[in-house]
């Protein structure tokens, strides 16, 4: 069986299904129009498809049982019952091969036809990657970060402009050093995200005051952390939510 890269390539997904999922799952802020939830399900499918392509017939992250297929969403009801996505084969020959029937908790009779429910996807091959190691220094590539137009557009407007170039660099260096100290004092400050097949960590950057305005992305290398980009807090939350609901106070909703 082939596993397309994105869920919309594999299945037609009616939008009302996502609203039902938001109501079924433990209450959470999914952003405007539920787009964080839509992205979350897409990312979950992508990871499941990636693991299935890697493991082949041995994989159990997407279970196909006759005319139905099933995926563990990684979400739970308020009573901690797992929620699954159930697909049926699409009867339209000119459309995606599957049709999203809906989202169901594990005890729902709609899942009775699935003999063995799928496994939940994982992102970290080494769980230690999810935790900030204060023994490792952060080596930021400031020139790359501040030389990228997209990064600069995320910087507070008061710090932009060629006349503020040196000031911005000093502010960034200070904010990164402060973020390192915060994470060293409390490792839960560093929030994991999954990007390009690797676990990265997000650190809060306070540039103009005491409240974080950006998130610095750091990636573990041999003996240190590299840092080459920064994200808006909205982008950081969306990425971090792939793995789990961020509970760090600076990113939590």
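Taken over the stretch 146-166, residues that are out of contact with any strand residue (DSSP E or B) (no Cβ under 6 Å at 6 or more places or on another chain), in contact (Cβ under 8 Å) with a residue 12 or more places away in the chain, surrounded by 14 or more Cβ atoms within 10 Å (Cβ to Cβ) and in a helix (DSSP H, G or I) amount to 2. Just so you know, in the stretch 99-114 the residues that are farther than 23 Å from residue 54 by Cβ and in a loop (DSSP other than H, G, I, E, B) include one that is nearest to the chain's Cα centre (by Cα), and it is 106.
Here are 74, 102: which of them is in contact with a helix residue (DSSP H, G or I) (Cβ under 8 Å, 6 or more places away or on another chain) and under 30 Å from residue 187 (Cα atoms)? Talk me through it step by step, then tell me what you get.
Values: 102 fails: under 30 Å from residue 187 (Cα atoms).
None of the other options fit; the residue is 74.
Condition check: crowded, with 17+ Cβ neighbours inside 10 Å, more than 22 Å from residue 235 (Cα to Cα) and out of contact with any helix residue (DSSP H, G or I) (no Cβ under 8 Å at 6 or more places or on another chain). Does residue 176 satisfy that? Don't jump to the end; show me each part of the working.
Details: crowded, with 17+ Cβ neighbours inside 10 Å: yes; more than 22 Å from residue 235 (Cα to Cα): no; out of contact with any helix residue (DSSP H, G or I) (no Cβ under 8 Å at 6 or more places or on another chain): yes.
Spelling it out, it is not the case that residue 176 is crowded, with 17+ Cβ neighbours inside 10 Å, more than 22 Å from residue 235 (Cα to Cα) and out of contact with any helix residue (DSSP H, G or I) (no Cβ under 8 Å at 6 or more places or on another chain).
Is it the case that the stretch 18-32 has a residue that's farther than 12 Å from residue 103 by Cα and outside any loop (DSSP other than H, G, I, E, B)? Within the stretch 18-32, one or more residues are farther than 12 Å from residue 103 by Cα and outside any loop (DSSP other than H, G, I, E, B).
Selection within the stretch 124-145: residues that are modelled with pLDDT under 95 and in a loop (DSSP other than H, G, I, E, B). The member of this set that is surrounded by the most Cβ atoms within 10 Å (Cβ to Cβ) is 124. Just checking, does the stretch 183-196 include any residue being surrounded by fewer than 20 Cβ atoms within 10 Å (Cβ to Cβ), without any contact (Cβ under 8 Å) to a residue 40 or more places away in the chain and farther than 29 Å from residue 43 by Cα? Yes: one or more hits.
The values are calculated or read from the model by the stated rules, or taken from the named source; none is laboratory data. It should be emphasised that the depicted structure is a prediction, and the values quoted were computed from it without experimental measurement. As a convention, Cβ positions derive from the backbone with ideal geometry for all residues, glycine included, and neighbour counts pool all protein chains shown.
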